[in-house]
Amino acid sequence: VQLQASGGGLVQAGGSLRLSCVVSGDTFSRYTVGWFRQAPGKEREFVAAIRYNGYTYYEDSVKGRFTISRDNAKITVYLQMNSLKPEDTAVYYCAADQGVILSSIRRVRAYDNWGQGTLVTVSS
């Protein structure tokens, strides 16, 4: 399976961006897809995930601001990011796996397939 992330860019605080992740090469509808981010000098951290059944999960700091969704027909997962803050600045990665159990959905190691990352910069 291959993942292609896009949609990053430079935005002012309070602005919005929508990230996309195209997941190709296998049956997309079976996959849990997550978004993670990594700021300079920090570890990669969980942002949001959506399971094959459409259930969604968020890191606390993005709840109410970010929305993850999937379009199985377009084999794409989206991350709509609103009310962006400077602390949201990071490289954002999408990841996918069929075998992600619920208790591991926030863990980097739960996902075997990763995209190349897209940079989001939020200026103050």
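The values are calculated or read from the model by the stated rules, or taken from the named source; none is laboratory data. Predicted, not measured: the structure shown is a model, and the values here were computed from it. No Cβ is skipped: glycine too gets one built from the backbone with ideal geometry, and neighbour counts run over all protein chains shown. Please note that ligands, DNA and RNA were not included when accessible areas were found on the heavy atoms of the full protein model with its side chains. Shrake-Rupley method; radii C 1.70, N 1.55, O 1.52, S 1.80 Å.
The phi torsions of the stretch 51-65, fed into the Karplus equation with coefficients 6.51, -1.76 and 1.60 and a -60° offset, translate into couplings of 7, 4, 8, x, 5, 10, 9, 9, 6, 4, 6, 10, 4, x, 10 Hz, rounded to whole numbers, with Gly and Pro shown as x.
Residues E45, E87, ordered by accessible area of protein heavy atoms at a 1.4 angstrom probe radius and largest first, appear as E87, E45.
Scanning residues 5 or more positions from K85 or on other chains, those with amide H under 5 Å from its amide H are G14, with H placed 1.01 Å from N in the peptide plane.
Of the solvent-accessible surface of the chain, computed with a 1.4 Å probe and all protein chains present, 46% belongs to carbon and sulfur. Pairs of Cα atoms nearer than 8 Å and 6+ residues apart set the relative contact order; for the chain it is 36 percent.
Our coupling estimate for the stretch 110-116, obtained by passing each phi through the Karplus curve with A = 6.51, B = -1.76, C = 1.60 and θ = phi - 60°, is 6, 10, 8, 10, 10, x, 8 Hz, Gly and Pro reported as x. Using Cβ point charges alone (K and R +1, D and E -1), the dipole size of the stretch 20-62 about the Cα centre works out to roughly 100 debye. Note on S20 and Q98: the model spin-label points, each 7 Å out from Cα along the C-beta direction, lie 2.6 nm apart. The residues of the stretch 25-102 expose on average 48 square angstrom of accessible surface per residue, using a 1.4 Å probe on protein heavy atoms.
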